[in-house]
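**Student:** One structure is given below, represented as structure tokens, and several questions about it will come after.
The values are calculated or read from the model by the stated rules, or taken from the named source; none is laboratory data. Note that the coordinates shown come from a computational prediction; the quantities given were computed from them, not determined experimentally. Neighbour counts run over all protein chains shown; Cβ positions are idealised from the backbone, glycine included.
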Amino acid sequence: MSEKYTDNKIETKAADTSSGSYAPPVEKIPAKESPEQELYHAKSFWTKWVFSQDAKVIGVQYALTATAIGMIGLVLSWGMRLQLGFPETFSFLGPATYYQSVTMHGMIMVIYLLTALFLGGFGNYLIPLMVGARDMVFPYVNMVSYWMFLIAVLVLIASFFVPGGPTGAGWTLYPPQAILPGTPGSEMGIVLMLISLSLFVIGFTMGGLNYVITVLQSRTRGMTLMRMPLTIWGIFTATVLALLAFPALFVACIMMTLDNLLGTSFFMPEIFSMGEKLEYGGGSPILFQHLFWFFGHPEVYIVALPAFGIVSDLISVHARKNIFGYRMMVWAIVIIGALSFIVWAHHMYVSGMNPWFGFFFATTTLIIAVPTAIKVYNWVLTLWRGNIHLTIPMLFSLGFIVTFVNGGITGLFLGNVIVDVPLSDTYFVVAHFHMVMGIAPLMVVFGAIYHWYPLITGRHLNQTLGKIHFWITFVGAYAIYFPMHYLGFIGVPRRYFEMYDSPYMTSGVGLNQFITVAALIVGFTQILFLYNLFTSWYKGEKSERNPWKANSLEWHTPEYPPVHGNFGKELPVVYRWPYDFSVPGSDKEYIPQDVPQSQVPTAKAEKT
Amino acid sequence: MFVSVIFVLIIIGSIIFHFWSPWWWTPVASNWGNIDDTIILSFWVTGAVFVAVCLFMAYCVWAYRYRPDRKAEYKPEDKKLEFRLTWLTALGVAALLAPGLVVWNKFITVPENAMKIEVVAYQWGWNYRLPGADGVLGKTSVGLISDDNPYGLDSSDPNSKDDILVMDADLHLEINQPVKVELRSFDVLHNFYVPQFRAKMDMLPGIITYYWFIPEKKGDYEILCAEYCGTGHYAMRGRVLVDDEKDYSNWLAKQISFEKMIAKNNLEKNLLIAENKN
């Protein structure tokens with residue numbers, strides 16, 4: 001061990017000295033490996049904007065659909081918050097409706113909003129542009145992917161209108177209760193939910209294969225893997241995770257549908273329910289939990305990794321400084337992705353699985369904290385000695401760091417098996433995951449929208465509205481979720497319709513009212529954001545080309561905003577990583593990726 | 001300036017809230033005070049990291065705010081710094097994990113002298129079963145559950161005869177007597193959770209789960225179902241009353257055993273038959 005350690009050290013030193021000297025200009029341009037992609041050129045309005053095969057249009061379609069269904073998820077949360085904060089004043093939700101709202105809110109936000117937005121939305125828009133490709137490798141499959149997603153969303157919405165209403169099984173859909181009559185929506189609602197999820201997985205797989213293969217096969221000349229922007233690394237790794245994790249959800253959905261409709265017993269043991277013994281027997285409810293969380297935990301990183309990647313780029317561009325420790329950042333993303341497959345049962349410490357698993361899963365879970373912490377250090381170290389423009393994307397990135405660190409450290413509580421015992425299934429958990437996979441990634445989503453909106457529309461979003469949006473959203477969301485952890489310490493369980501007759505729970509009443517008011521304010525501020533989004537489309541201040549002075553390829557297309565095919569006659573050739581800001585030896589403040597060393601001969605060349 | 005100040009205020013506000021807000025856990029009433037200690041340790045370690053990272057960030061935002069004449073430093077990597085931070089983090093994580101696992105080991109190792117009690121959950125309520133004088137709980141089966149045999153006890157198992165059936169939402173425990181609760185659900189998932197005991201575990205149909213604790217404070221504690229179990233989840237409450245020896249034996253004397261219940265049922269049946277005959 002010690003020998004290895006010294007070896008490494010020597011190597012490190014050698015590498016350091018080499019990068020300290022001025023390396024000779026690197027001008028190697030690899031030959032083209034594959035023929036030019038033939039694109040389908042749309043002629044009519046329908047094929048251009050509706051059944052579009054252009055990844056950029058598909059990305060916008062994904063984003064708009066996800067936002068629309070996300071608004072429904074948001075409104076559902078208002079109903080829940082009113083019930084929790086002011087149960088006497090607002091009594092329009094009964095327990096059944098409350099549980100249906102909880103369920104649909106959770107499922108919509110995690111799957112149909114965040115996953116679809118990061119991978120379907122940002123993935124589609126940014127991957128081809130940032131790796132220097134004309135489009136995704138399979139544009140037609142990509143189009144079908146979006147339409148499958150839309151059908152999944154429509155099936156989900158349809159479940160609101162069937163007899164019995166949507167399922168109220170909790171977003172985790174745990175059997176047996178998910179398909180037994182004691183749960184709201186156990187008639188048609190649960191069936192439609194399972195079908196919708198299955199359709200989502202099918203649609204996602206089509207898109208996901210596209211993202212992965214495009215990144216692996218369609219990078220332009222010179223765009224080595226270690227020259228890719230971290231945004232692409234994040235989205236790419238997340239997609240790989242999703243392709244491996246979603247099948248577990250898919251089979252779980254199919255098996256539960258069979259249990260429900262055909263009377264199989266995959267997840268159903270012998271049950272005595274409501275005065276009679278049911279026909280089921282021999283199945284295991286824990287099996288479902290394993291399948292669900294084998295998907296569910298990577299799902300957290302499916303949302304988090306793109307956010308990690310995007311925020312790295314936002315911080316770097318707006319602080320005018322290279323991302324600190326790029327290689328470490330890439331490896332951290334990959335390691336987090338790999339580890340995320342062996343930590344799932346930390347959601348199940350008190351599920352009744354063999355308690356010895358606790359040792360293993362607590363250890364793996366806490367190990368994940370190390371690469372994650374490194375990423376946090378590298379973000380703040382990128383700010384160190386930067387030249388920080390406090391633009392709206394930067395503000396959201398800073399908001400992300402605060403909320404993510406806050407939500408991340410509470411993860412260390414819940415991952416540590418014994419600490420999870422009192423805290424699991426309480427509001428501590430609710431606060432934790434909203435902070436870490438709700439608010440933190442949303443901060444990045446907003447930052448990214450303010451950052452790339454000019455690229456998409458050629459116009460800026462309104463800055464004043466943007467600043468109001470940021471401060472209310474960030475401070476408000478923090479005010480919602482930070483105190484909520486303490487409800488969990490009192491012992492308030494999650495998924496309680498009401499609880500005020502409990503002796504010590506009454507102390508939480510004031511806090512619950514405060515949280516509700518804050519949630520409503522933050523919620524309504526999002527309408528302001530949507531207003532900004534739509535009006536700026538035609539009224540916003542016109543954006544000059546590359547307004548943030550970024551280096552990555554998407555800002556350097558011949559036409560701005562980029563058109564179908566992305567790049568002109570010739571695809572760009574990449575000579576450097578995307579983080580050449582304030583390079584010593586160069587009088588240029590930034591050097592785009594497609595600028596050869598011969599044009600900036602004095603600039604220090606980073607080995608990439 | 002403004003931005004940094006707000007960030008610093010948020011951090012200070014969080015610290016103030018943590019130490020001075022009235023919302024804190026209920027006093028522990030079992031032997032699991034160790035769990036509280038582990039949480040406190042986690043607070044200090046992670047809290048320090050949170051405050052340090054956020055204050056550093058706020059400082060950078062203030063010190064390196066945009067100036068036209070400023071040029072950002074160009075520093076792609078610092079292997080030494082990254083190496084140190086990695087190991088420091090690993091050390092911090094180990095410091096949280098090690099004591100946590102020690103307590104977990106305690107939590108899953110049930111002492112010999114623990115009294116076994118069965119907790120039965122159904123939609124939506126609680127029942128209990130005590131082992132009786134032999135200290136052994138009799139066998140049960142879902143198929144045997146009926147109005148006459150609400151726990152589905154196997155009457156051919158000699159251990160079942162003296163089992164005491166508590167068909168009530170209130171459970172009494174004797175103070176300082178270690179208890180192993182064997183958790184059993186008839187229908188869907190439930191979770192036997194008493195916040196003051198700090199312990200909880202899911203209950204599943206089909207298998208028996210368990211945990212153990214020692215009730216160390218006399219009192220009246222609320223049982224909450226902590227695993228979502230359908231529309232009545234929030235209303236699924238019960239009580240644990242921790243008594244001294246005398247109160248406990250008084251309560252115990254009033255409970256009936258399985259044998260007595262069968263006898264009573266048969267008596268009622270015979271009476272009913274007799275009545276019908278008349």
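**Student:** As an exercise: evaluate B:Val120 against (1) in the same structural domain as B:Val53 (by TED's automatic domain parsing); (2) crowded, with 20+ Cβ neighbours inside 10 Å; (3) of a type in the set (Val, Ile, Thr) and give the number of the one condition it does not meet.
**Tutor:** (1)
**Student:** Okay, moving on. Every residue in region B:14-31 that is surrounded by 14 or more Cβ atoms within 10 Å (Cβ to Cβ) and either assigned to a helix (DSSP H, G or I) or within 8 Å of chain A (Cβ to nearest Cβ) (or both), please. Don't jump to the end; show me each part of the working.
**Tutor:** The initial filter retains those residues of region B:14-31 that are surrounded by 14 or more Cβ atoms within 10 Å (Cβ to Cβ), namely B:14, B:17-18, B:23, B:25-26, B:28-31.
Listed by number, the residues that qualify are B:Ser14, B:Phe17, B:His18, B:Trp23, B:Trp25, B:Thr26.
**Student:** How many of the residues in region B:210-230 are within 7 Å of another protein chain (Cβ to nearest Cβ) and either surrounded by 22 or more Cβ atoms within 10 Å (Cβ to Cβ) or small (Gly, Ala, Ser) (or both)? Write out each step before concluding.
**Tutor:** So in region B:210-230, the residues within 7 Å of another protein chain (Cβ to nearest Cβ) come out as B:222, B:224, B:226-230.
Narrowing further to those that are either surrounded by 22 or more Cβ atoms within 10 Å (Cβ to Cβ) or small (Gly, Ala, Ser) (or both): B:224, B:226-230.
Residues meeting the conditions: 6.
**Student:** Filter region A:588-608 for residues that are in contact with a Ser or Thr (Cβ under 8 Å, 6 or more places away or on another chain) and farther than 23 Å from A:Ile456 by Cβ and give the result.
**Tutor:** A:Glu589, A:Val600, A:Thr602, A:Ala603, A:Lys604, A:Glu606, A:Lys607, A:Thr608
**Student:** Next question. Take residues that are surrounded by fewer than 24 Cβ atoms within 10 Å (Cβ to Cβ), more than 9 Å from chain B (Cβ to nearest Cβ) and over 23 Å from the mean Cα position of the chain (by Cα) and tell me which of the helices (runs of 4 or more DSSP H) falling wholly in region A:318-425 contain 2 or more.
**Tutor:** A:357-383
**Student:** Assuming A:Ile456 fulfils every condition listed in (1) more than 14 Å from chain B (Cβ to nearest Cβ); (2) free of Cβ contacts under 8 Å to residues at least 24 places away in the same chain; (3) among the aliphatic types (A, V, I, L, M) apart from one, which condition is it?
**Tutor:** (2)
**Student:** Being outside the structural domain of A:Gln597 (by TED's automatic domain parsing), closer than 30 Å to A:Thr183 by Cβ and surrounded by 24 or more Cβ atoms within 10 Å (Cβ to Cβ) is the requirement here; does A:Val311 meet it? Step through it out loud before you land on a result.
**Tutor:** Numbers: outside the structural domain of A:Gln597 (by TED's automatic domain parsing): yes; closer than 30 Å to A:Thr183 by Cβ: no; surrounded by 24 or more Cβ atoms within 10 Å (Cβ to Cβ): yes.
No.
**Student:** Also: When you scan region A:104-149, how many residues do you find that are among the aliphatic types (A, V, I, L, M) and either free of Cβ contacts under 8 Å to residues at least 40 places away in the same chain or within 22 Å of A:Val300 (Cα to Cα) (or both)?
**Tutor:** Taking region A:104-149 as the starting set, the residues that turn out to be among the aliphatic types (A, V, I, L, M) are A:104, A:107-111, A:113-114, A:116-117, A:119, A:126-127, A:129-131, A:133, A:136-137, A:141, A:143-144, A:148.
Those left that are additionally either free of Cβ contacts under 8 Å to residues at least 40 places away in the same chain or within 22 Å of A:Val300 (Cα to Cα) (or both): A:104, A:107-111, A:113-114, A:116-117, A:119, A:126-127.
So the answer is 13.
**Student:** Here are some conditions: (1) more than 23 Å from B:Leu171 (Cα to Cα); (2) outside any loop (DSSP other than H, G, I, E, B). B:Thr231 meets all but one. Which one does it not meet?
**Tutor:** (2)
Yes or no, residue by residue, for (1) in contact with a helix residue (DSSP H, G or I) (Cβ under 9 Å, 6 or more places away or on another chain); (2) within 30 Å of A:Val60 (Cβ to Cβ); (3) not aromatic (Phe, Trp, Tyr):
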site	(1), (2), (3)
A:Phe361	yes, no, no
A:Leu395	yes, yes, yes
A:Asn406	yes, no, yes
A:Leu412	yes, no, yes
A:Asp420	yes, no, yes
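**Student:** Something else now. Output the residues belonging to region B:134-148 that are buried (at least 19 other Cβ atoms within 10 Å of the Cβ) and either over 25 Å from B:Val179 (Cβ atoms) or more than 10 Å from chain A (Cβ to nearest Cβ) (or both).
**Tutor:** Here is the first cut: in region B:134-148, the ones buried (at least 19 other Cβ atoms within 10 Å of the Cβ) are B:137-138, B:140, B:145.
Result: B:Leu137, B:Gly138, B:Thr140.
**Student:** Can you name the number of the only condition in (1) exposed (fewer than 13 other Cβ atoms within 10 Å of the Cβ); (2) more than 30 Å from A:Lys43 (Cβ to Cβ) that A:Lys569 fails?
**Tutor:** Only one criterion is unmet by A:Lys569, namely (2).
**Student:** List the number of the failed condition for A:Asn462; all other conditions in (1) more than 9 Å from chain B (Cβ to nearest Cβ); (2) within 30 Å of B:Thr38 (Cβ to Cβ); (3) in contact with a Gly (Cβ under 7 Å, 6 or more places away or on another chain) hold.
**Tutor:** (2)
**Student:** For the structure I just gave you, tell me whether A:Phe122 is in a helix (DSSP H, G or I) and outside the structural domain of A:Val430 (by TED's automatic domain parsing).
**Tutor:** Working: in a helix (DSSP H, G or I): yes; outside the structural domain of A:Val430 (by TED's automatic domain parsing): yes.
Yes, satisfied.
**Student:** Mind telling me which of the residues A:Met109, A:Met71 ends up being under 25 Å from A:Val522 (Cα atoms), in contact with a helix residue (DSSP H, G or I) (Cβ under 6 Å, 6 or more places away or on another chain) and in a helix (DSSP H, G or I)? Let's see the steps before the verdict.
**Tutor:** Values: A:Met71 fails: in contact with a helix residue (DSSP H, G or I) (Cβ under 6 Å, 6 or more places away or on another chain).
On inspection, the qualifying residue turns out to be A:Met109.
**Student:** Take region A:549-564 and flag every residue that is surrounded by fewer than 20 Cβ atoms within 10 Å (Cβ to Cβ) and in contact (Cβ under 8 Å) with a residue 60 or more places away in the chain. Let's see the steps before the verdict.
**Tutor:** Applying the first criterion (surrounded by fewer than 20 Cβ atoms within 10 Å (Cβ to Cβ)) to region A:549-564 yields A:549, A:558-561, A:563-564.
Of everything in region A:549-564, those that are surrounded by fewer than 20 Cβ atoms within 10 Å (Cβ to Cβ) and in contact (Cβ under 8 Å) with a residue 60 or more places away in the chain turn out to be A:Lys549, A:Tyr560, A:Pro561, A:His564.
**Student:** Test B:Ser185 against the stated conditions and say whether it is without any contact (Cβ under 8 Å) to a residue 40 or more places away in the chain and among the polar types (S, T, N, Q). Walk me through how you get there before you give the answer.
**Tutor:** Values: without any contact (Cβ under 8 Å) to a residue 40 or more places away in the chain: no; among the polar types (S, T, N, Q): yes.
Criteria not met by B:Ser185.
**Student:** Would you say A:Met130 is among the aliphatic types (A, V, I, L, M) and under 20 Å from A:Ile111 (Cβ atoms)?
**Tutor:** no
**Student:** Right, another one. Which of the following residues is among the aromatic types (Phe, Trp, Tyr) and not assigned by TED's automatic domain parsing to the domain that holds B:Glu227: B:Trp126, B:Trp104?
**Tutor:** On the way: B:Trp126 fails: not assigned by TED's automatic domain parsing to the domain that holds B:Glu227.
Within the list B:Trp126, B:Trp104, the selection yields B:Trp104.
**Student:** Moving on to the next point. Given the conditions (1) buried (at least 16 other Cβ atoms within 10 Å of the Cβ); (2) of a type outside the set (Val, Ile, Thr); (3) at the interface with chain A (Cβ under 7 Å from one of its Cβ atoms); (4) touching a helix residue (DSSP H, G or I) at 6+ places or on another chain (Cβ under 7 Å), which single one is not true for B:Arg65?
**Tutor:** Going through the list (1) buried (at least 16 other Cβ atoms within 10 Å of the Cβ); (2) of a type outside the set (Val, Ile, Thr); (3) at the interface with chain A (Cβ under 7 Å from one of its Cβ atoms); (4) touching a helix residue (DSSP H, G or I) at 6+ places or on another chain (Cβ under 7 Å), B:Arg65 breaks only (4).
**Student:** I'm trying to understand the selection: among the residues of region A:264-278, which are touching a residue at least 60 places away in the same chain (Cβ under 8 Å) and farther than 14 Å from B:Gly143 by Cβ?
**Tutor:** Within region A:264-278, A:Phe267, A:Met268, A:Met274 meet the criteria.
**Student:** Yes or no: B:Ala52 at pLDDT 95 or above, more than 9 Å from chain A (Cβ to nearest Cβ) and in a helix (DSSP H, G or I)?
**Tutor:** Numbers: at pLDDT 95 or above: yes; more than 9 Å from chain A (Cβ to nearest Cβ): yes; in a helix (DSSP H, G or I): yes.
Against the criterion (at pLDDT 95 or above, more than 9 Å from chain A (Cβ to nearest Cβ) and in a helix (DSSP H, G or I)), B:Ala52 qualifies.
**Student:** Limited to region A:198-239, what total is found for residues that are farther than 25 Å from A:Ile151 by Cα, aliphatic (A, V, I, L, M) and part of a helix (DSSP H, G or I)?
**Tutor:** 6
**Student:** Hey, could you check region B:81-110 for residues that are under 12 Å from B:Ser42 (Cα atoms) and within 7 Å of another protein chain (Cβ to nearest Cβ) and say which is nearest to the chain's Cα centre (by Cα)?
**Tutor:** The extreme case among them is B:Gly100.
**Student:** Those residues that are under 18 Å from A:Ser316 (Cβ atoms) and more than 14 Å from chain B (Cβ to nearest Cβ), I need them from region A:576-608; list them, please.
**Tutor:** Result: A:Pro592, A:Gln593, A:Asp594, A:Val595.
**Student:** Of the residues that sit in region A:465-501 and are at pLDDT below 95 and surrounded by fewer than 18 Cβ atoms within 10 Å (Cβ to Cβ), which one is farthest from the other protein chains (Cβ to nearest Cβ)?
**Tutor:** Looking at the filtered set, the residue picked out is A:Tyr500.
**Student:** If a residue has to be closer than 23 Å to A:His346 by Cα and either in contact with a strand residue (DSSP E or B) (Cβ under 7 Å, 6 or more places away or on another chain) or in a helix (DSSP H, G or I) (or both) to count, how many in region A:256-295 make the cut?
**Tutor:** 12
**Student:** Moving on. So, A:Gly106, is that one over 24 Å from A:Asn566 (Cα atoms) and at pLDDT 95 or above or not?
**Tutor:** yes
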